[in-house]
1. Convert each backbone phi in the range 183-189 into a coupling constant with the Karplus relation 6.51 cos²θ - 1.76 cosθ + 1.60 (shift: θ = phi - 60°), then list the ³J(HN,Hα) values in order as whole Hz, x for Gly and Pro.
2. Fewest to most neighbouring Cβ within 10 Å: what's the order for 58, 192?
3. Just flag the GluC sites (Glu not before Pro) in the range 110-159 sitting in loop per DSSP whose Cβ has no more than 13 other Cβ atoms within 10 Å.
4. What is the range 6-90's relative contact order, in percent, from Cα pairs under 8 angstrom and six or more apart in sequence?
5. Step through the residues of the range 225-240 one at a time and calculate ³J(HN,Hα) from phi using the Karplus curve (6.51 cos²θ - 1.76 cosθ + 1.60, θ = phi - 60°), rounding each to whole Hz and writing x for Gly and Pro.
6. Give me 53, 162, 105 sorted ascending by neighbouring Cβ count inside 10 Å, so fewest comes first.
7. Name the lysines eligible as straight-distance cross-link partners of residue 163: C-alpha to C-alpha under 23 Å, and not fewer than 8 places from it in the same chain.
8. Got a sec to turn the phi values of the range 53-63 into Karplus ³J(HN,Hα) couplings, 6.51 cos²θ - 1.76 cosθ + 1.60 with θ = phi - 60°, whole Hz, x for Gly and Pro?
Amino acid sequence: MGRTSQRDIQRLYLLHRECVRRNARYQRAYRTVQAIRNPENQAVKLDSLRQRWGLSSREEPPDPSDWPQADPETLLKGFGTSTPPLKAATAQVDPVESDAAMQGWELLRTALPHLSKQLKGFLLLVHLPEQPNPPWGIAAIDLRRPKEEILGALDNLVDEAWKRRPPTRQARGPMRGPLKKGFDYLRVYDLREKEKQRLKDIGTLMWPNQIDQDTEQKAGVYLAKARAMIAQPPLLHALTQQLQRRQKGRRRSWEDPVRRSPSAAGTPVWLTPVRLSNGEWV
């Protein structure tokens, strides 16, 4: 986990969960799932709901009609000692890789029938480096080899490709910022939206000792931050930023003026979306 403590991970997940609970789109989706009468169908939809909103599979999706007090210590007591997987928010289709797969299909589809005849049972990998004029890399792995050998070969190929990638700045994870004041933002939000209190009264309740400050204005700032955080909960916000960094400087399939519709002659097997699985946030 690096310098991030287990307690911080738990607090961040709880902050994310409580933002999701208060999100209007999540509330509508939750009510739709709860209205499903078939238990098996409802279980499938609940699992999909968890994945879509970055929620842990170890607990029931939060009920939007029940807002617990936005106090991290109280929430931690009811959460238990297990560390939730922060990767839950990334367990969804990776749009960057899915779009790249679509472009690869468009460019290679005329050659695929010939390749499938000549290279049956091979996994063909092509490395397209980001540098202006580096050598391309291509490798073929015989899928008739033992699985352990295949995994070892893939590991070596990924290491070699990784060495050729340009240096990138370490991505800033979601542990800063929202974790420091996020629960205070939610307290202000709850006082305003749930208890219908005035900003002036909220300021007095939140900061009773700051008599020399404009606590009403401060409450308004916290309310705006809470609404932004609820609209895009912390883990989903971090995922969006990560995808934007990865997409920078790359052509998207819908930006290609010569793109044609996929051929009806065959099914693009390798368009199966890949789930994100990095652990940089933990």
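Since every read-out is calculated from the coordinates, none of them should be taken as a lab result. Owing to the predicted nature of the structure, the values given are computational and were not obtained by experimental measurement. Every residue, glycine among them, receives a Cβ derived from its backbone with ideal geometry; neighbour counts consider all protein chains shown.
1. Whole-Hz 3J(HN,Hα) from phi for the range 183-189: 5, 5, 4, 5, 4, 4, 4.
2. Working: 58 13, 192 20.
The most exposed by this proxy come first: 58, 192.
3. Numbers: sites: 130, 148, 149; in loops: 130.
When the GluC sites (Glu not before Pro) of the range 110-159 are filtered for loop state and at most 13 Cβ neighbours within 10 Å, 130 remain.
4. Numbers: 64 pairs, mean separation 37.3, N = 85.
About 44 percent, as a whole number.
5. 5, 5, 5, 5, 5, 6, 4, 9, x, x, 5, 5, 5, 5, 5, 4
6. Values: 53 25, 162 8, 105 18.
The most exposed by this proxy come first: 162, 105, 53.
7. Output for residue 163: 248.
8. For the range 53-63, the Karplus curve yields 9, x, 9, 5, 7, 7, 9, 5, x, x, 7 Hz.
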